[in-house]
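Visitor: First the structure, which I've put down as structure tokens, then a few questions once you've had a look.
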Ligand SMILES: NC(=O)c1ccc[n+]([C@@H]2O[C@H](COP(=O)([O-])OP(=O)(O)OC[C@H]3O[C@@H](n4cnc5c(N)ncnc54)[C@H](OP(=O)(O)O)[C@@H]3O)[C@@H](O)[C@H]2O)c1
């Protein structure tokens, strides 16, 4: 693993920075972190030059269009980045014999029944972002056998913008907040996900290519998540539970999108941290 060349697209986004942190902790030197200019996944000339120069063993695709509500207003751009961009990387990986690790989302599911979502469940996205992420998954499977698709949910970390950092900011400014209680899912600490991505590459398990679900363990509503953030950080304010109908957004979101992680746990012999334990680590890292 230490002598492998790994290209990370979306390398300065939230998950890219988590990968940078974990690879530094592990003293890995073969990772090349690319921003959206040096590693524009829509620019075929840039991609060809990069693959020729670096001859990567692995490619990690953290690049995506992630603005879920804005995507409803610019579906073409969202589709280009999440679907065509993924297809481009898959085709170059096939040509240059690299393995692709691509990150997808629980939003590929409708998520309207309180049952754990398995990799084999039918995907039926209810917003533009989810549809384009599903298209990206299908494109990859079409062009490349040597791939891992990791679907994750409610990603947060000490890096970039995310729910935890927004709550900490609002918690410092406000005396009360109302947070949605009827959407249930599982938070994922990006640093945990980054560690799993690197473990998975290290496993050398080529027989295990395919799609996997990964989030932290357990489940909660956004309201529970916010309450935990304020408790752990020692922020004093009133938090009220409200229904989704009281906080309308452009994009619809699943009401229950908790993923079953049995497949990734058993295939790679993983122990997945409980979401609140990882939240404690993240808040300590932020402070
Ligand atoms: N965040 C979540 O809650 C969540 C939940 C489930 C799944 N995911 C998935 O997890 C992955 C990582 O998410 P994240 O939170 O790290 O997202 P992020 O912080 O928004 O990072 C995505 C990165 O991709 C870059 N990018 C956009 N267009 C690009 C292009 N054409 N070529 C190359 N790079 C481009 C963005 O650059 P700019 O910022 O400069 O545009 C950004 O740095 C994504 O696949 C996302 O769909 C995220």
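The values are calculated or read from the model by the stated rules, or taken from the named source; none is laboratory data. Note that the structure is a prediction, hence the values are computed from the model and not measured. We place every Cβ from the backbone using ideal geometry, glycine too, and count neighbours over all the protein chains shown.
Visitor: Considering only region 204-227, state which residues are out of contact with any helix residue (DSSP H, G or I) (no Cβ under 6 Å at 6 or more places or on another chain) and in a helix (DSSP H, G or I).
Guide: 206, 207, 222, 223, 224, 225, 227 - these are the residues of region 204-227 that are out of contact with any helix residue (DSSP H, G or I) (no Cβ under 6 Å at 6 or more places or on another chain) and in a helix (DSSP H, G or I).
Visitor: Follow-up. Residue check, residue 16 against (1) within 10 Å of the ligand (Cβ to nearest atom); (2) within 19 Å of residue 162 (Cβ to Cβ); (3) touching a helix residue (DSSP H, G or I) at 6+ places or on another chain (Cβ under 6 Å), all met but one. Which one?
Guide: (3)
Visitor: Could you tell me whether residue 107 is within 16 Å of the chain's Cα centre (by Cα), within 26 Å of residue 218 (Cα to Cα) and crowded, with 23+ Cβ neighbours inside 10 Å?
Guide: yes
Visitor: Can you work out which of the residues in region 49-66 that are within 15 Å of the ligand (Cβ to nearest atom) and either part of a strand (DSSP E or B) or free of Cβ contacts under 8 Å to residues at least 40 places away in the same chain (or both) is nearest to residue 130 (Cα to Cα)?
Guide: 61
Visitor: So for region 70-87 (the condition being within 24 Å of residue 285 (Cα to Cα) and either near the ligand (Cβ under 8 Å from one of its atoms) or at pLDDT 95 or above (or both)), does at least one residue qualify?
Guide: Among the residues of region 70-87, not one is within 24 Å of residue 285 (Cα to Cα) and either near the ligand (Cβ under 8 Å from one of its atoms) or at pLDDT 95 or above (or both), which makes the answer no.
Visitor: So residue 225 clears everything in (1) over 23 Å from the mean Cα position of the chain (by Cα); (2) under 20 Å from residue 282 (Cβ atoms) except one condition, right? Which one?
Guide: It fails just one condition, (1).
Visitor: Identify all residues within region 259-274 that are touching a strand residue (DSSP E or B) at 6+ places or on another chain (Cβ under 7 Å) and under 16 Å from residue 193 (Cβ atoms); write none if there are none.
Guide: Of everything in region 259-274, those that are touching a strand residue (DSSP E or B) at 6+ places or on another chain (Cβ under 7 Å) and under 16 Å from residue 193 (Cβ atoms) turn out to be 259, 261, 263, 264, 272, 273, 274.
Visitor: Pull up region 19-40, narrow it to residues that are near the ligand (Cβ under 8 Å from one of its atoms) and touching a helix residue (DSSP H, G or I) at 6+ places or on another chain (Cβ under 7 Å), then point me to the one that is farthest from residue 285 (Cα to Cα).
Guide: Here the answer is 40.
Visitor: Look through 204, 218 and report the one residue that is surrounded by fewer than 18 Cβ atoms within 10 Å (Cβ to Cβ), at pLDDT below 95 and on the phi > 0 side of the Ramachandran plot.
Guide: Being surrounded by fewer than 18 Cβ atoms within 10 Å (Cβ to Cβ), at pLDDT below 95 and on the phi > 0 side of the Ramachandran plot holds for just one of 204, 218, which is 204.
Visitor: Something else now. Among strands (runs of 3 or more DSSP E) lying entirely in region 96-195, which contain 1 or more residues that are closer than 23 Å to residue 60 by Cα?
Guide: Strands (runs of 3 or more DSSP E) meeting the threshold: 99-105, 147-152.
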